[in-house]
1. Skipping prolines and chain starts, which residues have an amide H placed within reach, meaning under 5 Å, of the one on Glu330, given they are 5 or more residues away or on another chain?
2. Give me the tail of P(r) for segment 1-108 as a percent: Cα-Cα pairs with distance above 15 Å.
3. Can you give me the long-range amide H partners of Thr151? Hydrogens built in the peptide plane at 1.01 Å from N, cutoff under 5 Å, separation of 5 or more residues or another chain.
4. Using the Cβ atoms and a cut-off under 9 Å, what net charge is assigned to the surroundings of Asp131, where Lys and Arg are +1 and Asp and Glu are -1?
5. Under the classification rounded if a/c is under 1.5, otherwise prolate if a/b is larger than b/c and oblate if not, where does segment 240-354 fall, given a ≥ b ≥ c as square roots of the Cα gyration tensor eigenvalues?
6. What is the local net charge at Leu280, summed over the other residues whose Cβ is closer than 12 Å to its Cβ (Lys, Arg +1; Asp, Glu -1)?
7. What residue among Thr34, Thr151, Thr169 shows peak mean-square fluctuation when the chain is described by a Gaussian network model with Cα springs under 10 Å?
8. How would you rank Ser70, Ser9, going from fewest to most other Cβ atoms within 10 Å of each one's own Cβ?
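No lab work stands behind these numbers, since they all come straight from the coordinates. None of these values were measured; they are calculated from a predicted model. Here the Cβ positions follow ideal geometry from the backbone for every residue, glycine too, while neighbour counts run over all protein chains shown.
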Amino acid sequence: MRRLRVKSSAGGYDVIVGRGAWRALRGLRGYSSTFILTEPGLWKHWGRRFSRDAGLPGASPLLVPAGESSKSLPWAGRVASELLERGADRRSMLIAFGGGVVGDLGGFVASTYMRGIDYVQAPTTILAQVDSSMGGKTAVNIRAMKNLVGTICAPRLVVSDPRVLASMTPRAFRSGLYEVVKHGILSGPGLFGWLEKILPGLRVSNAALLETLVVRAAQVKVDVVSRDEREAALRHVLNLGHTFGHAIEEATGYRRYLHGEAVAWGLLMVIRLAELAGRLDPANGKRMARLVRAVGPLPAVAGVREERVLGLLTRDKKAVGGKVLWILPERIGKVCETSDVPREAVARAFREVQRGEWNG
């Protein structure tokens, strides 16, 4: 079991990773009541064990449908209404037990319910355990815009038990690993080289290796958000691959790709864009692209309309004055932030990756 510490304006919080991490919830005392937000299938499979480990026997969860549709203002309102009906007050605590959707929705509700109650992240997917559960970013989607309305509110605690990953589908497992690859590119040769060795043969059944992977990838996120909690500058690097990725998700109505799959396509496109912009040596680009593809097959990006994606880029939350803020890789362990990228290069990068004209 490993304990990572995130620095925060709220005083900081621990990220506990390892078998039995859920038991750390027993140490949280002084709350008038505790509520668990989760999805039906996940609760059916893991609810009894989670309740036992967390010291919450007989807990009755607040259930939301699986999928991106739950990350909305209407569902936030429903969850808040149910909390009120069940007697939640300002001394209550909410536990978000699920992947990124539940984590974002739960954090948003907790940060706004009665002007804010404490919450805990108990992530159950690779992507959530290495990335979205840490940093305090909460949000819901508005129409086609991902994470348009949200808050930054630190959780009280994050508890990541790799055992729960065993129930992930192969596709969902791979989706999370693409985010790990992003962390490898950001971190440097140490983590990147290790991922090159272990990713091709990684299996969800290898609990010990998975725990090491979660710790090492989560440390990258912890280091960044501890230095830039409010996303003033440094934290922008975590958006590597997400500018294209979010646009691809929105262009396909969030139905064709899992989030990590869209990010993977976004990584390939931004790697090519960095080459076209003269920021990245092709040899490094090839190595990065090879690691993305080592995770496994991606759903095809053919048929996604180029003009639709390019139009959505300027609506990205990080765009200022209609200019897209790009995070471009310059080498393994170093990225740059720039809005000085020709639209022609952006279109070419998208087109070459989409048509298979560039494979790194």
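1. Amide H neighbours of Glu330: Val335, Cys336.
2. Cα-Cα pairs of segment 1-108 separated by over 15 Å account for 67 percent.
3. Thr138, Ala139
4. Charge balance in the 9 Å sphere: +1.
5. It comes out oblate by the Cα gyration axes.
6. Local charge sum for Leu280: +3.
7. Per the Cα network of the chain with a 10 Å cutoff, Thr169 tops the list.
8. Final ranking by Cβ density, sparse to dense: Ser9, Ser70.
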